[in-house]
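Worksheet for the structure shown next.
Every read-out reported here was derived from the displayed coordinates using simple, explicitly stated rules and does not represent laboratory data. None of these values were measured; they are calculated from a predicted model. Every residue, glycine among them, receives a Cβ derived from its backbone with ideal geometry; neighbour counts consider all protein chains shown.
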Amino acid sequence: MEAILSSFLTKYNYWVFIGLVMIGMYALIAKRNLVKKIIGMNIFQTAVILFYVSIGAKQGSTIPILDSGHGHDAHHAVQAIDYINPLPHVLMLTAIVVSVATLGVALALAIKVHQQYGTLEEDEIAAQIDKP
Amino acid sequence: MIWPVDLIIMLLVMVSGIGAIMVRDLLGAAVLFGVYSFLMCLLYAIMGAVDVAFTEASVGAGVSSVFFVAAVFRTSRRTKD
Amino acid sequence: MRFIALITILLMGGLLFYGLPDFPDWGDPASPASTHVSPYYIEHGAADTHAPNIVTAVLADYRGYDTMFETAVIFSAGLACFFLLRTFRQKSAETKLYRHIPTGVTLRIEKGGKTPAGSEEFEPIDSHWVPYDMIINMTCRLIVPFVQLFALYVIAHGHYSPGGGFQGGVIFGAAIILFAISHDLRSVFRRLQEKTAILLSAAGVLIYAGTGVLCLILGGNFLDYSRLAGLLGVDAVMARSHGILIVEIGVGLAVMAVMVMLYYNLSSAGRHDEGL
């Protein structure tokens with residue numbers, strides 16, 4: 001019990017990550033509306049981004065913008081322990097912008113489906129495909 | 001990281017995420033998704049990822065919501081689940 | 001369906017909970033992600049590239065390939081949306097609608113009637129009831145230049161503060177989208193045509209890749225900006241700083257144009273009439 005509690009206290013970001021992944025996956029599988037599915041996909045993406053950002057965090061460090069760099073006398077050495085790991089931030093920054101581009105394509109496909117079938121519900125689309 | 005603020009925001013993230021997929025109106029879902037993105041942005045900012053938070057605020061809460069509203073306007077607001 | 005989904009997500013959640021003890025603790029400085037390559041970036045980033053914001057330095061310099069192809073992905077997403085939705089067939093309406101701008105009166109002209117095309121006081125509209133609000137129009141018109149200025153600041157100041165090409169490009173695109181929402185799509189097309197937007201997005205990717213090829217021609221590796229030192233007239237470290245700025249401008253152009261293209265196509269379902 002104590003082990004579970006301590007693991008909860010040190011890792012509660014990951015609990016939120018797992019919860020959001022489950023919400024996103026549920027929307028992707030169970031929801032029949034295409035826009036709801038797209039929202040689920042986006043929730044899944046942000047959950048993964050939260051996971052990466054949590055991995056990069058460091059206790060007692062500051063944001064990854066150097067203090068000494070603003071002047072020209074940047075001669076005292078920079079300690080890696082003082083700054084949060086910038087690598088996950090870089091990867092996730094590009095991932096967010098790519099996610100909005102994929103969101104645009106997904107919504108374009110949804111609009112195209114609506115032009116063809118007049119509905120966004122999957123079961124109604126399937127019924128229209130089966131009918132003729 | 002200040003844990004009460006953190007815990008409240010995480011709770012709100014979960015609530016708005018569940019709300020975005022549960023509400024039976026696509027325009028409401030789009031707005032709730034915008035709320036979700038903005039709370040996510042606050043979470044990144046608390047964890048020190050300022051660049052990611054800035055991107056999420058401008059992309060997730062700004063442009064994504066506009067795209068959702070535009071797509072819902074061009075299709076239909078109706079949803080069965 | 002709902003039952004299968006519940007079982008699947010419970011299984012997946014259970015697996016993730018099972019793996020939870022193996023994740024590094026939150027905020028652990030000795031976690032594997034923080035021990036191998038990132039200390040080098042933090043300790044040498046400013047000395048190598050003269051950019052205090054390490055995220056910008058890693059984004060555009062150390063991992064330049066990554067960012068270049070991300071930009072290419074965004075560009076191809078814009079093109080995919082264009083090819084999916086764009087229709088060039090104009091349906092010729094029976095009746096045409098015009099609005100008298102000073103009074104807000106809508107004019108309905110039957111087929112064969114004389115249209116006030118070319119007049120300054122009338123503008124063509126698509127639906128009978130188009131809300132026209134002078135306060136919203138003027139407020140957005142006043143705000144847009146400042147938003148654009150802020151976007152340029154974000155791009156140019158990415159070395160020293162949070163920001164860079166992606167954020168600045170998105171904010172610049174959002175300014176144009178704000179103008180499109182407050183007016184209509186036609187008045188945006190008069191300022192930024194669709195063709196211009198496509199050319200700008202291609203130009204952004206081209207600036208990025210062209211910088212890399214220029215470094216290659218000057219005898220370095222692909223995207224090794226220190227080779228631009230002779231061309232820019234500065235030392236190697238400042239050349240890398242300037243190289244970061246050049247590719248950030250390319251990224252900003254591409255992202256701005258793609259956001260605007262996506263909005264054009266999504267808001268009018270590819271017809272490019274009036275929009276929202």
From the backbone phi of the range C:24-35, what are the Karplus-calculated ³J(HN,Hα) couplings (6.51 cos²θ - 1.76 cosθ + 1.60, θ = phi - 60°) in whole Hz, Gly and Pro given as x?
x, 4, 5, x, 7, x, 9, 5, x, 5, 9, 10
Taking each residue of C:246-255 in turn, how many C-beta atoms of other protein chains fall within 10 Å of its C-beta, and what is the average?
1
Largest first and to the nearest Å, give the Cα extent of the range B:3-74 along each principal axis.
40, 24, 10
Among residues other than C:GLY163 whose Cβ falls under 14 Å from its Cβ, what is the net charge (Lys/Arg +1, Asp/Glu -1)?
-3
Whole-number D in µm²/s for the range C:1-77 (Stokes-Einstein; Kirkwood sum over Cα pairs; 37 °C, 0.692 mPa s):
202 µm²/s
Per-q log10 I(q)/I(0), chain A, q = 0.10, 0.18 Å⁻¹ (Debye; single scatterer per alpha-carbon; no solvent)
-0.55, -1.04
Pairs over 31 Å Cα to Cα, from A:LYS112/C:LYS96; A:LYS36/A:LYS58; B:LYS80/C:LYS195; A:LYS131/C:LYS111; A:LYS37/A:LYS58, come to A:LYS36/A:LYS58; B:LYS80/C:LYS195; A:LYS131/C:LYS111; A:LYS37/A:LYS58
Output needed: percent of Cα pairs per 20 Å distance bin for the protein assembly as shown, bins running from 0 to the one holding the longest distance.
22, 50, 25, 3, 0
Can you give the Rg to Rh ratio of the range C:81-170, both from alpha-carbon atoms, with Rh computed by the Kirkwood formula?
1.18
The answer for C:ARG99, listing residues at least 5 apart or on another chain whose modeled amide H is closer than 5 Å to its amide H, is C:LEU107, C:GLU123, C:ILE125
Need one value for C:51-63: mean number of C-beta atoms belonging to other chains within 10 Å of its residues' C-beta atoms.
6
Among A:GLN45, A:ILE81, A:THR119, flag the residue with its Cα farthest along the positive direction of the charge dipole of chain A, charges on Cβ as +1 for Lys/Arg and -1 for Asp/Glu.
A:THR119
Neighbourhood charge, 12 Å Cβ-Cβ cut-off, centred on A:LYS112 and excluding it, Lys, Arg +1 and Asp, Glu -1
+2
In whole angstrom, and with the biggest value first, how far do the Cα coordinates of the range C:147-276 range along each principal axis?
51, 29, 19
Report the residue, chosen from C:ALA236, C:ALA30, C:ALA46, that carries the largest GNM mean-square fluctuation when chain C is represented by alpha-carbon nodes joined by springs under 10 Å.
C:ALA30
Among C:TYR153, C:TYR132, C:TYR225, which one shows the highest mean-square fluctuation when chain C is modelled as a Gaussian network with alpha-carbon springs under 10 Å?
C:TYR132
Residue-count net charge about C:GLN148 - beta-carbon cut-off 15 Å; Lys, Arg +1, Asp, Glu -1
+2
Hey, what did chain C get for relative contact order, percent, Cα under 8 Å, at least 6 apart?
24 percent
Overall Cα dimensions of chain C - principal axes, largest extent first, Å
75, 65, 35
For residues of A:108-118, the mean tally of beta carbons on other chains within 10 Å:
5
With only Lys, Arg, Asp and Glu charged, each at its Cβ (+1 for the first two, -1 for the last two), find how big the charge dipole of the range C:132-216 is about the Cα centre; round to the nearest 20 debye.
160 debye
With r defined as the distance between the Cβ atoms of A:TYR117 and A:THR10 and R0 fixed at 45 Å, what FRET efficiency is calculated, to the nearest 0.05?
0.35
Using the Karplus equation 6.51 cos²θ - 1.76 cosθ + 1.60 (θ = phi - 60°), what ³J(HN,Hα) coupling, rounded to whole Hz, does each residue of the range C:2-15 give in order, writing x for Gly and Pro?
5, 5, 4, 5, 4, 4, 4, 6, 5, 4, 5, x, x, 5
Only Lys, Arg, Asp and Glu count, each charged at its Cβ (+1, +1, -1, -1), so figure out the dipole size of chain B about its Cα centre, rounded to 20 debye.
480 debye
From the phi angles alone, apply the Karplus equation (6.51, -1.76, 1.60; θ = phi - 60°) to the range C:261-273 and give each ³J(HN,Hα) in whole Hz, x where the residue is Gly or Pro.
5, 4, 5, 3, 6, 6, 6, 10, 6, x, 7, 6, 9
For chain A, list the DSSP H helices whose alpha carbon atoms reach 18 Å or more along the long axis and whose average Kyte-Doolittle value is -0.5 or above?
A:12-30, A:34-56, A:87-117
In degrees, nearest 10, the alpha-carbon axis of helix C:165-182 is tilted away from the dominant principal axis of the alpha carbons of chain C by 10 degrees
Computed FRET value (nearest 0.05) for B:SER76 with C:LEU149, which takes r as the C-beta separation and R₀ as 45 Å
0.70
The protein assembly as shown, dipole about Cα centre (Lys/Arg Cβ +1, Asp/Glu Cβ -1), debye to the nearest 20:
1940 debye
